Amino acid sequence: MKTAALLEKDPSIAPGIPAEDGNSPKIEDLVEQAWSKMAPFWPLENLIAVNPLQGFEDLPFEQALEEGNAFFRQKELPDGMAEVNRHTIKWCQAFFDEGQATVTMPFRKAGLWAAWRELARHDDQLMANRTETNWLKGLPDSAEAAIAECLSRLRVRSQDRELYLTLLLATLPGWAAYLKYRTDWSGAEPMQRHPASQADYLAMRLTLICLLWPEGANLLAWHARCRSDGDATTVGIGEIQEAEEKYRGPLLAELSSAAANTEHAGKTPDAQLVFCIDVRSEPFRRALEQQGNYDTLGFAGFFGIPVRIDDEASEDSYASCPVLLQPKHTVIEKPCGHTNAAERDREGFERVRGVKRLYQSVKYAFTTPFVLVETLGPLNGLWMALRSFAPGLAARAKRSAAESLRPSLPVAPLLTDISLDDQCQYAEDALRMMGLTDGFAPLVVLCGHGSTTQNNAYATALDCGACGGRHGASNARILATILNEAKVRAHLDGVGISIPEDTLFIAGQHDTTTDSVELFVHGVEGDGKKSQLDRLSADLEAARNANSVWRAGQLGEDATLQAAARLTEERSLDWAQVRPEWGLARNAAFIVAPRSLTEPVNLDGRSFLHSYDWRQDPTGASLTVILTAPMVVAQWINSQYLFSTLDNVAYGGGSKVTKNIVGKVGIMQGNASDLMHGLPLQSVFQSDADAYHEPMRLMTVVYAPRGFIDGIIEAQDVLKQLFGNGWVTLACIDPDDNRPYLLTRDLTWEPAS
């Protein structure tokens, strides 16, 4: 029923109807409370894992599951709401587009509410007659005032308004999650040129309801009926608990045994390698340690330096730190190694950009696409065949073409925006936090990580979450440069961290899809160091081959030592491959301890490993940072994998096969679904019916005295919430007796059975 028909039936429903009474909650407060139930979701350019039930983390885990069922897992919406959603999706696609559309939506600079209200008057599907057009024109310029008027028109009682607004978000949660990111997490990103507030979105949704579904207040009754009838699919909490008990007991027993039997060797390693805490690093670290006298450590992949990376040639700029932090410094990466290297790189970038612009202009003009098809059709067909049947050859050809336009050059960070005092502090904090304060090897490699995949909309989800969904090499180069600085080493020596003069810090990057490790050694001099680097490179390659056998097995492939590395590389280059790697699937534990505790245990690629020595942390400052930053991010990752497995439609991304990219910001299923805001089916299932990821909550294990940990929990509300509400289980291997203990929901310890 249209608005005009309803006005004829009940003239009392008129524009400008006042609120029910003066005691009604403020619209601003209602909007804030409704949005507090929604979790953010990052765009494709820097996908970050998030708990989809983040808005319910103040509730016990079991109760939050029930709320998630009621709000997000309803299979069918009322017909009127489904129609409102179709129009919302259409307008969101147009407004939030980031360069995919050939013709962009006008008036976007005015903001979502203003732009939509201006254009919606010309939408024949909405405007059936002049009455509706005049009503829309008469709505207030303020989104908050428009919300109030629409709620009154729909006769939503004041006591129901917060729930009603929440339902408007929960019935189209993907776009709401993306807007939550834009408003609360994106900062001053370029997309803010087209502003959209949380009130803007709700005002548009409410206006659409008034126009398309005047009986929209019935959404409340539908929600209540779903709760009482149990329409939502219940989550098997018993199955989750059973899986947790089966996994956790043996792990704690092995760690406890390792703690009691660990002997600390005094031999200096040939090299120490610091990897990201990512679960994919753990099996590779184990494979490398078996190749020779190497020590490996774990540290968050941004290496403790909150920076924004600038590329002068491309003018690309991005935050390379966890989303919980704001970049404190801007670091420019300058090409080096050749005369006028920066100028050569800029010229190369302009050549690449010119070719792309020419192709795009020909492809999207009104007449030239026909010429393009006639001219390049056979070449495109040949290229598609090459990518399909010889992906390795196609990749080499593409690299060769790119290299001819823009030759690759080594880069070095300019640290002019990081003062010497800050450099000294970052160096000291990083070394103390990971317990690396003595026994330095001749080579210390700081190894960031990234991934290599083709034709993969979710590529950044496989990159370093600690670097904001980017590759981590830049941060590794920054810390290596700092730790090689003589003035920084002098400071460290003054605070009790003496680095031998012959110790060299170098940066590297671990490709988690192929297990190859690139060492950035430009400028390294001396035959001795080059010989050490050659030996390390050979052992890294051997570790890659060994770990590729394990990785191939996890992917269902049977490969020999000689063929495994080639197989994993082929998967990374195959544009038809829906599972280039498993990412962080099957993650289950976050272990904060020296490597000596975990080295004897085969953790099977399921544990985040953060190096830590409580004896070097007398105030607990380092452990506080670890538990409130990296562990929180690990909990987000764990929750996203858990819920994407439990319900891949409500919480996940659906199948990669049927997805479409929307505005370069996200994906949808088919041509008009909600914006999907989780992991695709192929990231957590090994077939359409069989899950690969095992849904369970994160268990954090800390090697430190219980009393030491208690003081940290007491001072941190986020920890009391996560541990007290059962989102994370905390275990402790107490060095006083090497026995495992579990923290209960009332934040007291009990022996682990």
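Read-outs: derived from the displayed coordinates by stated rules, not from any lab. Everything quoted here is computed from the prediction, not taken from an experiment. FYI the Cβ positions are ideal-geometry reconstructions off the backbone, even for glycines, and counts take in every protein chain you see.
General remarks:
- Relative packing of peptides 336-344, 581-589, 463-471, 621-629 - highest average C-beta neighbours within 10 Å first: 463-471, 581-589, 621-629, 336-344
- Cα coordinate range in the stretch 341-405, projected on the principal axes (Å, largest first): 40, 33, 12
- At full extension, Thr262 and His522 could sit 89.8 nm farther apart than now, given 0.36 nm per residue minus the alpha carbon distance.
- P(r) weight above 27 Å for the stretch 3-229, C-alpha pairs, percent: 33
- For the stretch 206-336: span of alpha carbons on each principal axis (Å, largest first): 76, 52, 23
- Loop-located chymotrypsin sites (Phe, Trp or Tyr not before Pro) in the stretch 96-136 whose Cβ has at most 15 other Cβ within 10 Å (DSSP): Phe107
- Remark: the stretch 696-712, residue by residue, has Karplus-estimated 3J(HN,Hα) of 7, 6, 5, 10, 9, 10, 10, 9, 5, x, 4, x, 5, 6, 4, x, 5 Hz, where x stands for each Gly or Pro and the curve is 6.51 cos²θ - 1.76 cosθ + 1.60 at θ = phi - 60°.
- Intensity falloff of the stretch 386-477 expressed as log10 I(q)/I(0), Debye formula with alpha-carbon point scatterers, at q = 0.25 Å⁻¹: -1.36
- Sequence ranges 630-638, 726-734, 136-144, ranked by mean other-Cβ count within 10 angstrom, highest first: 630-638, 726-734, 136-144
- Cα radius of gyration and Dmax for the stretch 602-667 (Å): 17.9, 54
- Rounded to the nearest whole Hz, the Karplus-based 3J(HN,Hα) values (6.51 cos²θ - 1.76 cosθ + 1.60, θ = phi - 60°) of the stretch 552-567 follow the sequence 4, x, 5, 8, x, 10, 9, 10, 7, 4, 6, 9, 5, 5, 5, 5, with x at glycine and proline.
- Per residue, the convex hull spanned by the Cα atoms of the chain measures out at 180 cubic angstrom.
- When Rg and the Kirkwood radius Rh are both evaluated on Cα atoms of the stretch 268-410, their ratio Rg/Rh stands at 1.10.
- Equivalent-ellipsoid semi-axes of the stretch 46-147, from the Cα gyration tensor, Å, largest first: 32, 19, 15
- Values of log10 I(q)/I(0), in the order q = 0.12, 0.13, 0.18 Å⁻¹, for the stretch 487-605 under a Debye, Cα-only, solvent-free model: -0.67, -0.76, -1.11
- The trypsin sites (Lys or Arg not before Pro) of the stretch 30-81 that DSSP puts in a loop, and whose beta carbon has at most 15 other beta carbons within 10 Å, are Lys75.
- Sum of side-chain charges, Pro705 neighbourhood, beta-carbon under 14 Å (Lys, Arg +1; Asp, Glu -1): -3
- Taking 4.7 Å between C-beta atoms as the pairing limit, the chain has these partnerless cysteines: Cys92, Cys150, Cys210, Cys226, Cys276, Cys321, Cys336, Cys424, Cys447, Cys732.
- Near the amide H of Trp42, within less than 5 Å, lie the amide hydrogens of Ile48, all on another chain or at least 5 residues away, with H placed in the peptide plane.
- Residue-averaged [θ]222 nm for the chain, counting only DSSP H segments that reach four residues, each worth -39500 (n - 2.57): -14500 deg cm²/dmol
- Here the 3J(HN,Hα) profile of the stretch 33-40, calculated from phi with Karplus coefficients 6.51, -1.76 and 1.60 at θ = phi - 60°, is 5, 5, 5, 5, 7, 9, 8, x Hz, Gly and Pro shown as x.
- Computed P(r) (all Cα pairs; the stretch 253-292; 5 Å bins; percent): 5, 16, 18, 23, 29, 8, 0
- Centre-to-centre separation between the Cα atoms of the stretch 713-753 and those of the stretch 527-603: 32 Å.
- Charge tally for His471 (other residues, Cβ to Cβ under 10 Å; Lys, Arg +1; Asp, Glu -1): -1.
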